[in-house]
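Here's the structure we're looking at; comments come further down.
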Amino acid sequence: QVQLVESGGGLVQAGGSLRLSCVVSGSIFRINAMGWYRQSPGKQREQVAVMTFGGGSTNYTDSVKGRFTISRDNAKNTVYLQMNSLKPEDTAVYYCNAVLKVRIFVTARDYWGQGTQVTVSS
């Protein structure tokens, strides 16, 4: 069984920083990509940043470019999100996502963490 466990959320003042971590554990054949999504009340979940585990290519939503950095540790099956210059509009529940295969002939699918709250006060 695959589990994603996030940590690092909390309350921070505008302009501050937080670092989120997400560890994937369980029966894993290969991780294709990992990323972070967020959802605030009344809004749809949106992609924040994603990174492939093979080539390390990244993609960020426009509103976080230049402020957030996604990184990974392949050996630890861990992805991080360094969030700097935080704004009140970054307030949301942040979810870790992994696209992975549990066995060689099984199609890769999405797995999700339980979410971690990030609150940015003005």
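The values are calculated or read from the model by the stated rules, or taken from the named source; none is laboratory data. Worth saying up front: this structure is predicted, and the values here are computed from it rather than measured. Here the Cβ is made from the backbone with ideal geometry for all residues, glycine too, and neighbour counts use every protein chain on show. All accessible areas refer to the heavy atoms of the entire protein, side chains included, with ligands and DNA or RNA removed. Shrake-Rupley method; radii C 1.70, N 1.55, O 1.52, S 1.80 Å.
Per-atom-type breakdown for region 54-117 gives carbon and sulfur 48% of the accessible area (1.4 Å probe, protein chains only). Close amide H contacts of residue 2 (hydrogens built in the peptide plane, cut-off under 5 Å, sequence separation of 5 or more or a different chain): 27.
Straight Cα distances below 12 angstrom link residue 101 to the aspartates and glutamates 110, with same-chain residues fewer than 8 positions distant left out. The candidates 11, 81, arranged from most to least accessible area with a 1.4 Å probe in the full protein assembly, appear as 11, 81. Using 0.36 nm per residue and subtracting the Cα-Cα separation, the extra length available between residue 19 and residue 103 on full extension is 27.1 nm.
When the Cα atoms of region 56-122 are aligned to their principal axes, the ranges along those axes come out at 49, 24, 22 Å in descending order. Once both labels are positioned 7 Å from their Cα atoms along Cα-to-Cβ, the gap between residue 85 and residue 39 label points is 2.9 nm.
Separation of region 45-74 from region 78-122 is 10 Å, based on Cα centroids.
Using C-alpha pairs below 8 Å separated by at least 6 residues, the relative contact order for region 1-90 is 31 percent. Counting only protein heavy atoms and a 1.4 Å probe, the chain has 53 square angstrom of accessible area per residue.
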